[in-house]
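Here's the structure, in structure tokens; my notes come after.
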Amino acid sequence: MKNIIETRDVNFWYGDFHALKNISMDIEEKSVVAFIGPSGCGKSTFLRLLNRMNDLIPDTRLTGSVQINGQDIYGKGVNVDELRKDVGMVFQRPNPFPKSIFENVAYGLRVNGVTDTQFIRQRVEESLRGAALWDEVKDKLKESAYALSGGQQQRLCIARAMAVSPSVLLMDEPASALDPISTTKVEELIHELKHDYTIVIVTHNMQQAARVSDKTAFFYMGQMVEYGDTKTIFISPKKEQTQNYITGRFG
Ligand SMILES: Nc1ncnc2c1ncn2[C@@H]1O[C@H](COP(=O)(O)OP(=O)(O)OP(=O)(O)O)[C@@H](O)[C@H]1O
């Protein structure tokens with residue numbers, strides 16, 4: 001499998017605070033990678049660097065390199081809108097737009113200038129099917145997205161991210177605000193989605209990391225302490241800090 005994401009010696013600062021220290025990581029195409037670690041260790045910061053979401057935060061600084069599909073995403077001439085189309089994001093709390101179910105999914109296509117209604121309709125259906133939501137919403141596409149349950153809204157947000165055909169989906173604790181049934185649906189969805197996408201997921205739930213990911217990275221105080229096959233990380237980690245964390249001795 002080829003690497004789709006390669007970071008080298010990534011350091012990141014919020015003002016004077018050194019939030020990420022020398023992170024070098026390769027992520028294989030069409031795999032699921034989970035980031036785990038105690039609160040404040042830098043998981044979300046690192047995730048957000050992968051589609052330049054941290055650009056929006058003032059007084060921050062990055063050194064090192066982040067390559068996606070062979071391109072330095074912080075290089076000169078990179079179009080950040082194009083990057084975010086290729087590297088989509090799903091947040092902790094479902095954040096549908098105050099629009100209809102259909103228009104939520106069509107949104108990314110419309111802002112990218114797509115006007116072919118037949119194509120938009122087809123892509124909306126494909127994305128909703130891909131997000132395992134189609135059967136639940138196909139008869140009410142014109143209704144407000146806010147009329148859906150939290151779990152359905154989150155799958156709608158996944159469909160919205162998929163509609164513009166990204167190669168990577170970043171998920172920041174996508175199930176933490178959901179009930180157990182919706183959580184299971186999102187986890188099953190992640191299993192399906194990895195046939196077509198590379199998925200990077202931040203989670204506080206270690207069982208979830210163990211269930212959904214191929215590889216797991218354990219972060220602690222801005223460092224990536226250990227990264228490897230999920231089974232190895234959870235059954236026989238090499239570092240004591242990882243062992244302590246996964247056995248609940250800290251964090
Ligand atoms: N916008 C910001 N400005 C200043 N410091 C920040 C900002 N965002 C995060 N930090 C700090 O950077 C560190 C890493 O935060 P980050 O959100 O990446 O951690 P995390 O591992 O995702 O935590 P959690 O699991 O609680 O979400 C923390 O110490 C946090 O306080």
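Return the only residue of T184, T198 being hydroxyl-bearing (S, T, Y), closer than 28 Å to D135 by Cα and surrounded by fewer than 17 Cβ atoms within 10 Å (Cβ to Cβ).
T184
Output the residue which, of all residues in the stretch 212-231 that are surrounded by 17 or more Cβ atoms within 10 Å (Cβ to Cβ) and assigned to a loop (DSSP other than H, G, I, E, B), is nearest to the chain's Cα centre (by Cα).
My answer is S213.
With respect to S176, determine if the residue is more than 20 Å from F102 (Cβ to Cβ), surrounded by fewer than 20 Cβ atoms within 10 Å (Cβ to Cβ), touching a helix residue (DSSP H, G or I) at 6+ places or on another chain (Cβ under 7 Å) and hydroxyl-bearing (S, T, Y).
Taking the combined requirement at face value, the residue does not satisfy it.
Might you check whether a residue that is at pLDDT below 95, within 23 Å of L156 (Cα to Cα), loosely packed, with under 15 Cβ neighbours inside 10 Å and not β-branched (V, I, T) occurs anywhere in the stretch 23-42?
No, the stretch 23-42 contains no residue that is at pLDDT below 95, within 23 Å of L156 (Cα to Cα), loosely packed, with under 15 Cβ neighbours inside 10 Å and not β-branched (V, I, T).
Restricting the stretch 63-72 to residues that are touching an Asp or Glu at 6+ places or on another chain (Cβ under 9 Å) and either outside any strand (DSSP E or B) or not aliphatic (A, V, I, L, M) (or both), which is farthest from the ligand (Cβ to nearest atom)?
Step one: filter the stretch 63-72 for residues touching an Asp or Glu at 6+ places or on another chain (Cβ under 9 Å), giving 63-70.
Remaining after also requiring either outside any strand (DSSP E or B) or not aliphatic (A, V, I, L, M) (or both): 63-65, 67, 69-70.
Details: T63: 16, G64: 16, S65: 19, Q67: 21, N69: 24, G70: 26 Å.
The extreme case among them is G70.
Matching residues to (1) surrounded by fewer than 22 Cβ atoms within 10 Å (Cβ to Cβ); (2) over 25 Å from S24 (Cα atoms); (3) in contact with a Leu (Cβ under 8 Å, 6 or more places away or on another chain):
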position: H191; (1), (2), (3): yes, yes, no
position: M206; (1), (2), (3): yes, no, no
position: I233; (1), (2), (3): no, no, no
position: S236; (1), (2), (3): yes, no, no
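Condition check: at pLDDT 95 or above, within 9 Å of the ligand (Cβ to nearest atom) and surrounded by fewer than 17 Cβ atoms within 10 Å (Cβ to Cβ). Does F12 satisfy that?
no
Condition check ((1) touching a residue at least 24 places away in the same chain (Cβ under 8 Å); (2) outside any loop (DSSP other than H, G, I, E, B); (3) in contact with a strand residue (DSSP E or B) (Cβ under 9 Å, 6 or more places away or on another chain); (4) within 9 Å of the ligand (Cβ to nearest atom)) across all residues:
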{"site": "L20", "(1), (2), (3), (4)": "yes, yes, yes, yes"}
{"site": "A34", "(1), (2), (3), (4)": "yes, yes, yes, no"}
{"site": "P38", "(1), (2), (3), (4)": "yes, no, yes, yes"}
{"site": "T45", "(1), (2), (3), (4)": "yes, yes, yes, yes"}
{"site": "N54", "(1), (2), (3), (4)": "yes, yes, yes, yes"}
{"site": "R61", "(1), (2), (3), (4)": "yes, yes, yes, no"}
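Is it the case, given these coordinates, that K76 is more than 13 Å from the ligand (Cβ to nearest atom) and either over 20 Å from the mean Cα position of the chain (by Cα) or not acidic (D, E) (or both)?
For K76, the condition - more than 13 Å from the ligand (Cβ to nearest atom) and either over 20 Å from the mean Cα position of the chain (by Cα) or not acidic (D, E) (or both) - is met.
Do you know which residues across the stretch 63-73 are surrounded by fewer than 17 Cβ atoms within 10 Å (Cβ to Cβ) and free of Cβ contacts under 8 Å to residues at least 24 places away in the same chain?
Listed by number, the residues that qualify are G70, Q71, D72.
Could you figure out which of (1) within 16 Å of the ligand (Cβ to nearest atom); (2) within 19 Å of R160 (Cα to Cα); (3) not acidic (D, E) isn't true of P96?
(1)
Tally time: how many residues in the stretch 88-144 are under 15 Å from R155 (Cα atoms), outside any helix (DSSP H, G or I) and not hydroxyl-bearing (S, T, Y)?
Quick first cut of the stretch 88-144, residues under 15 Å from R155 (Cα atoms) only: 88-97, 100-106, 124-138, 141, 144.
Narrowing further to those that are outside any helix (DSSP H, G or I): 88-97, 100, 131-133, 138, 141, 144.
In the following step, the residues that additionally are not hydroxyl-bearing (S, T, Y) were identified as 88-97, 131-133, 138, 141.
The number of residues fulfilling the criteria is 15.
Can you spot a residue in the stretch 194-209 that is closer than 19 Å to F234 by Cβ, touching a helix residue (DSSP H, G or I) at 6+ places or on another chain (Cβ under 6 Å), within 16 Å of the ligand (Cβ to nearest atom) and in a loop (DSSP other than H, G, I, E, B)?
yes
Identify all residues within the stretch 136-174 that are within 22 Å of G113 (Cβ to Cβ) and in contact with a Gly (Cβ under 6 Å, 6 or more places away or on another chain); write none if there are none.
Residues satisfying the conditions are A161, M162, A163, V164, P166.
The values are calculated or read from the model by the stated rules, or taken from the named source; none is laboratory data. Remember, predicted model here, so these are calculated numbers, not experimental data. A quick note on method: Cβ atoms are made from the backbone with ideal geometry, for glycine too, and the neighbour counts reach across all protein chains shown.
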